[in-house]
Amino acid sequence: MKLIIGVLMTNSMKKPILFFILIALFFISCKNNNESEKAIDASVPVTLTSIDTNSVESYIDLNATAAYLVKNVIKANATGYLNSVNVASSDYVSNGAVLFSIKTREAKVLGNTINKIDPSLNFGGAIKVRANTNGFVTSVNVQQGDYVQDGDALVTINDTNSFAIVLSLPYEFKKYVSISEELTVMLPDSTLVKAKVQNYMPTVDATSQTQSVILKVIGKHDIPENLIVKVRINKSSNSKTVSLPKAAVLSNETETDFWIMKMINNNTAIKIPIKKGVETQDKVEILSPILTPEDKILLSGNYGVADTIKVKVIKAD
């Protein structure tokens, strides 16, 4: 009987001891978790940049087309048969070159007979048709032996002196393009050529509200007709300015307020409101506040953060 009671008392004492052991383990675990949570680094990983003092240019690139503004149509100067055709499409011809010769019906029928009677008359000679400009032949409408009438169109020649770049300029950008200004023309193969603004066409397209501007290419360049090129229009330029990469400038949803995140020590950045100026594809001009080359600005890791944040610099620009 004593043995049984002793065993029961021993089991009853083990339960409270086990309970206290479990509670102790629980508190130790919580303490360890708190210590591990405190050990987590809350710093935001960021990269830095600094101001750029190079000039900032704001520009737009507009499409333009290479064209010959004058196309000369050479016509027959007599009625008769084409005795010779000395030109083909794509040929370059010079002013005064003989393109065709026409023999009249009378000369073809009676020429030999009259010349036998009086050779000095030289009756039956072919009438020559000459080019009246320098240029490239775009189309030949006849062939040797054809019968043509006086005034019929024989050939079309693009006048090389009329070659130009025709820019369709939105009317609101007219203030940025002035007569005699030199503009940069970019060809599809990345070749850059210079062209001077010659004049504005006197009408505006009713649908697109664009005005054609005639640009004369400076120097000799092999530019085919109808080639679509790009013309760069400078909207503004400031050689004494401070700018930052576009990624460093933040704004609200309505883009009415702008700011940057600036480092104030080795691991803290704060929000600095700014006023921006000219904006290009990759840079933004900073009008205020005054920034110095020593200032470090967040380039990445700056989006959606508080006004003051702890940072960890990964890389400086």
Test for Gln198: is it modelled with pLDDT of 90 or more, within 24 Å of the chain's Cα centre (by Cα) and on the phi > 0 side of the Ramachandran plot
no
Kindly check whether there is at least one residue in the stretch 122-129 that is at pLDDT 90 or above and either open to solvent by less than 80 Å² (accessible area, probe 1.4 Å) or among the aromatic types (Phe, Trp, Tyr) (or both).
yes
Residue under question is Phe136, and the condition is that it be over 30 Å from Gly80 (Cα atoms), crowded, with 16+ Cβ neighbours inside 10 Å and over 20 Å from the mean Cα position of the chain (by Cα); does it hold?
no
If you take the residues of the stretch 95-117 that are under 30 Å from Asp159 (Cβ atoms) and among the β-branched types (Val, Ile, Thr), which of them is modelled with the highest pLDDT?
Val98
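Here is a yes/no grid of residues against (1) farther than 30 Å from Leu69 by Cα; (2) part of a strand (DSSP E or B):
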{"site": "Val231", "(1), (2)": "no, yes"}
{"site": "Thr256", "(1), (2)": "yes, no"}
{"site": "Met261", "(1), (2)": "yes, yes"}
{"site": "Asn265", "(1), (2)": "yes, no"}
{"site": "Leu291", "(1), (2)": "yes, no"}
Just to be sure before I move on: is Asp282 closer than 22 Å to Val56 by Cα and surrounded by fewer than 12 Cβ atoms within 10 Å (Cβ to Cβ) in the structure I sent?
yes
With the condition kept exactly as written, say whether any residue in the stretch 243-259 is open to solvent by 50 Å² or more (accessible area, probe 1.4 Å), under 23 Å from the mean Cα position of the chain (by Cα) and in contact (Cβ under 8 Å) with a residue 24 or more places away in the chain.
yes
For the stretch 173-204, which positions are exposed (fewer than 13 other Cβ atoms within 10 Å of the Cβ) and either charged (D, E, K, R) or touching a residue at least 40 places away in the same chain (Cβ under 8 Å) (or both)?
Lys175, Glu182, Pro188, Asp189
Test: residue in the stretch 249-269 that is on the phi > 0 side of the Ramachandran plot and either modelled with pLDDT under 95 or in the same structural domain as Val193 (by the TED database) (or both)
yes
Could you please tell me which pairs satisfy a Cβ distance under 8 Å, a separation of 6+ or placement on different chains, a first residue in the stretch 271-298 that is under 15 Å from Phe258 (Cα atoms), and a second residue that is among the aromatic types (Phe, Trp, Tyr) and open to solvent by 30 Å² or more (accessible area, probe 1.4 Å)?
Lys271/Trp259; Ile272/Trp259; Pro273/Phe258; Pro273/Trp259; Ile274/Phe258; Ile274/Trp259; Lys275/Phe258; Lys276/Phe258
Only one of these conditions is not met by Glu285: (1) of a type in the set (D, E, K, R); (2) assigned to a strand (DSSP E or B); (3) closer than 25 Å to Glu182 by Cα. Which number is it?
(3)
Going through the stretch 55-91 one residue at a time, which ones are in contact with a Gly (Cβ under 8 Å, 6 or more places away or on another chain) and more than 22 Å from Val166 (Cα to Cα)?
Val56, Lys75, Ala76, Tyr81, Leu82
Condition check for Lys216: part of a strand (DSSP E or B), modelled with pLDDT of 95 or more and either not hydrophobic (A, V, I, L, M, F, W, C) or not assigned by the TED database to the domain that holds Tyr92 (or both)
yes
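The values are calculated or read from the model by the stated rules, or taken from the named source; none is laboratory data. This is a predicted model, so every value here is computed, not measured. Cβ: placed from backbone, ideal geometry, glycine included. Neighbour counts: every protein chain shown. Please note that ligands, DNA and RNA were not included when accessible areas were found on the heavy atoms of the full protein model with its side chains. Shrake-Rupley method; radii C 1.70, N 1.55, O 1.52, S 1.80 Å.
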